[in-house]
Structure formats: structure tokens, C-alpha cells
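Nothing in this text is a laboratory measurement; each read-out follows from the coordinates by a stated rule. What you are looking at is a predicted structure, and each value in this text was computed from that prediction instead of being measured. Don't worry about glycine lacking a Cβ; one is built from the backbone with ideal geometry, like all the others, and counts go over all protein chains shown.
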Amino acid sequence: AQKITQTQPGMFVQEKEAVTLDCTYDTSDPSYGLFWYKQPSSGEMIFLIYQGSYDQQNATEGRYSLNFQKARKSANLVISASQLGDSAMYFCAMRAMPGYSTLTFGKGTMLLVSP
Amino acid sequence: DTGVSQDPRHKITKRGQNVTFRCDPISEHNRLYWYRQTLGQGPEFLTYFQNEAQLEKSRLLSDRFSAERPKGSFSTLEIQRTEQGDSAMYLCASSLQTGNTGELFFGEGSRLTVL
């Protein structure tokens, strides 16, 4: 079984600052993928970034980077230069790879960016 | 719009009534997923299809729930004899079977309120 833990119910950050959203996971699968999704108030889940368990380098996508520490089973999302539009729920998720299984999500972290 | 679309976006019903949600995935995606999301929680997997075949069902999918994908294109999720506990956002997602990350593309969801 897979489990995702997001311990921060809410985070506050000022515009233009960086913020780290925590995610730890547990799995017995030898190969897996880690995902971060953003869910604004409209409800749609927006894919942000992916990290494979065997990837040597941490994933980056624009202002998003994933701080992957395999030994600690953590996959924290770092958002640099926060913008007001980053205010949303953020979900960490994982699946066994190759992609034959479904995504397991954490409970999410609400991020509020203030001017 | 070539994204995942869901209909209706909002549904209010009385306890005991049946409701049906429709999902149109991205056209070239052969996998389709249904998730349920309650307030303050991450999405929980319900079921998924590969083409027209329903390959996996969660134990959350009670006998009152049924999902179909008759021609491997759109899908319907029906809830019979609705209960107040069924109130949630029902999210549909689609993906390619193969792909670099196997990321899921989500629709904006169908919010169900059972009175």
C-alpha cells in the first residue's frame, strides 16, 4: 500500500518569497513516481511537476522544483518567487511505475500568498 | 477546448434520488479515472478504465455506484439511492497508458450535494 503524508494544513508566504511544501511518502514498490498538483478554487487539479524514483536529479519546472530525498522518503515542493496566483491547495501524490496503477493523494496544503 | 470535461458541474438532489455524471476525456487518452474528493481531503480513487474495460474498483465504490465507459470514449458515473454521505466533488481524469510520467489530466469536477 502507498501512503502520502502532508503535515502542513496551511502555509502563508509573502509575494516574491520562496516557500517549501512538505510531503513524505511510504511505499514498498521499488519503482514509483511522485507528483505535485495544484487545485485552485475552481476545482480543477493542475499537474505541476513529476519525479521518478530512479531519477538522479531533482525535477524542476519553471518556478517549481522538487526536493527529492529518497532515503528520507520525502518529496518537498519548492515554489520560488511566489505570486498571488499561487494561492491554492497543493497535493502531493504517488503511483507505482510503470504507470499501471492509480495515483494516491495526500490531504493537501493550503497556500496563501499575500501582497 | 480539448481538456477533460465533466457534466454537470453542480448537482443538488434529495436523498434517495439517482444521479449520473458524465466525463469526456481528452480524445487520445485511453485511460479514464474517477476520484471522489470531500472537504479537506485529497482525491480518493474510485475506479478506472482502460478503453472500455473497467480494470480496478476501490472498496469505496459501493453497490450503489456504477461506472461505465461503453465505447472507450466518454464515461458515466451513476449513484443510486443517494445518501448525504455521497456529497462530494467527483473528479474525472484521463491519461495515456504509456508516457513519460503517466500524469493524469483532471476535469473541473462535478459537485454533488445531497439534501
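Points worth noting:
- Comparison of A:Phe47, A:Phe91 shows that the only residue that is touching a Gly at 6+ places or on another chain (Cβ under 7 Å), under 19 Å from B:Ser94 (Cα atoms) and either within 11 Å of chain B (Cβ to nearest Cβ) or in a strand (DSSP E or B) (or both) is A:Phe91.
- The number of residues in segment A:31-44 that are over 21 Å from A:Phe68 (Cβ atoms), in contact with a Phe, Trp or Tyr (Cβ under 7 Å, 6 or more places away or on another chain) and facing chain B (nearest Cβ under 8 Å) comes to 1.
- The set of residues in segment A:94-110 that are crowded, with 17+ Cβ neighbours inside 10 Å and either in contact with a helix residue (DSSP H, G or I) (Cβ under 6 Å, 6 or more places away or on another chain) or not in a strand (DSSP E or B) (or both) comprises A:Met97, A:Gly99, A:Ser101, A:Thr102, A:Leu103, A:Gly106, A:Gly108.
- Selection of segment B:26-57 for residues being farther than 21 Å from A:Cys92 by Cβ and touching a Cys at 6+ places or on another chain (Cβ under 7 Å) yields only B:Leu32.
- Residue count, segment B:18-34 (criterion: aromatic (Phe, Trp, Tyr) and either exposed (fewer than 15 other Cβ atoms within 10 Å of the Cβ) or in contact with a Phe, Trp or Tyr (Cβ under 6 Å, 6 or more places away or on another chain) (or both)): 2
- Selection from segment B:62-107 of residues that are within 14 Å of chain A (Cβ to nearest Cβ), part of a loop (DSSP other than H, G, I, E, B) and within 11 Å of the chain's Cα centre (by Cα): B:Gly107
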